[in-house]
Amino acid sequence: MASFPEVMHRTFFRTLSLLPPEGQGLVLGRYFDWWHRAPDPWRLATDDYEREKHRATLACLPLRPYRRIIEVGCSEGVFTGALAAAYPEAEIVGVDVSERALARARERVPGGGRVRFVRGDILRHRGGRSFDLAFCAETLYYLGRHDRLRLASVRLGQLLGPGGVLVAVHPWPEAARLHRYLDAQRALDRLDERVCTASPRPFAISVYGARPA
Ligand SMILES: C[S@@+](CC[C@H](N)C(=O)[O-])C[C@H]1O[C@@H](n2cnc3c(N)ncnc32)[C@H](O)[C@@H]1O
């Protein structure tokens, strides 16, 4: 059963998702700029749990020479930096609704031109089906109602080029609810799901492949 703070969290973001997508994106941008008023609000760079989650996520990837990578909901670019180190040849794009988070991400991961950070909303960002690897971690629970989760899942699927891989990471068991919108995408095949229960905050990593058109 969901705890009281979880219920409040869900209710708040569901209420925001009553707005049209443009309005929802605008309010989320303001909200997450405020949330990032101090650096690294989730301690993504320093918390052992977050580091272990990032390590486990990278370990789940099918072994391939990924060349074009996107991370949606990249915050201050901590995981983006890990991607840049793991794939030194790749072009990497980090997307987030918070301009304040992105400004810090640009400082954290300069990347010499091959790493870019752009402001975008998962509901509206069009990736042009050009990525061979896409990530969305700890972000879907901000989208609220079913229709927004469905739309976000369509948009995530549309980021992938032929043979592309999409990875979603969220707390378990909530991930079962969030990732089922990805499971329902006809353009995606679930290749793998790992539920990591070793920590007091279990999480699931779901890996999807783009189905041939
Ligand atoms: C908890 S952080 C996740 C950071 C990173 N993915 C990780 O797991 O290390 C969530 C991020 O999602 C961003 N976000 C929330 N709603 C979004 C949306 N609709 N589109 C894009 N980014 C969004 C927030 O600004 C925040 O930086």
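Taking the conditions exactly as written (more than 9 Å from the ligand (Cβ to nearest atom), of a type in the set (Gly, Ala, Ser) and open to solvent by less than 30 Å² (accessible area, probe 1.4 Å)), does residue 134 satisfy them or not? In short, yes.
The set of residues from region 1-43 being free of Cβ contacts under 8 Å to residues at least 24 places away in the same chain and within 15 Å of residue 121 (Cα to Cα) comprises 19, 20, 23, 26, 27, 30, 31. Only one entry in 125, 170, 179 is out of contact with any Phe, Trp or Tyr (no Cβ under 6 Å at 6 or more places or on another chain), modelled with pLDDT of 95 or more and either in a helix (DSSP H, G or I) or open to solvent by 30 Å² or more (accessible area, probe 1.4 Å) (or both), namely 179.
Hey, does region 189-199 have a residue that's under 21 Å from residue 97 (Cα atoms), open to solvent by 20 Å² or more (accessible area, probe 1.4 Å) and either away from the ligand (no atom under 13 Å from the Cβ) or not β-branched (Val, Ile, Thr) (or both)? For region 189-199, residues under 21 Å from residue 97 (Cα atoms), open to solvent by 20 Å² or more (accessible area, probe 1.4 Å) and either away from the ligand (no atom under 13 Å from the Cβ) or not β-branched (Val, Ile, Thr) (or both): absent. Taking the numbered list (1) surrounded by fewer than 17 Cβ atoms within 10 Å (Cβ to Cβ); (2) closer than 16 Å to residue 93 by Cα in turn, residue 147 passes all entries but (2).
The values are calculated or read from the model by the stated rules, or taken from the named source; none is laboratory data. Note that the coordinates shown come from a computational prediction; the quantities given were computed from them, not determined experimentally. Glycine also receives a Cβ, built like all others from the backbone with ideal geometry; neighbour counts cover every protein chain displayed. Note: areas computed on protein heavy atoms with side chains; ligands, DNA, RNA excluded. Shrake-Rupley method; radii C 1.70, N 1.55, O 1.52, S 1.80 Å.
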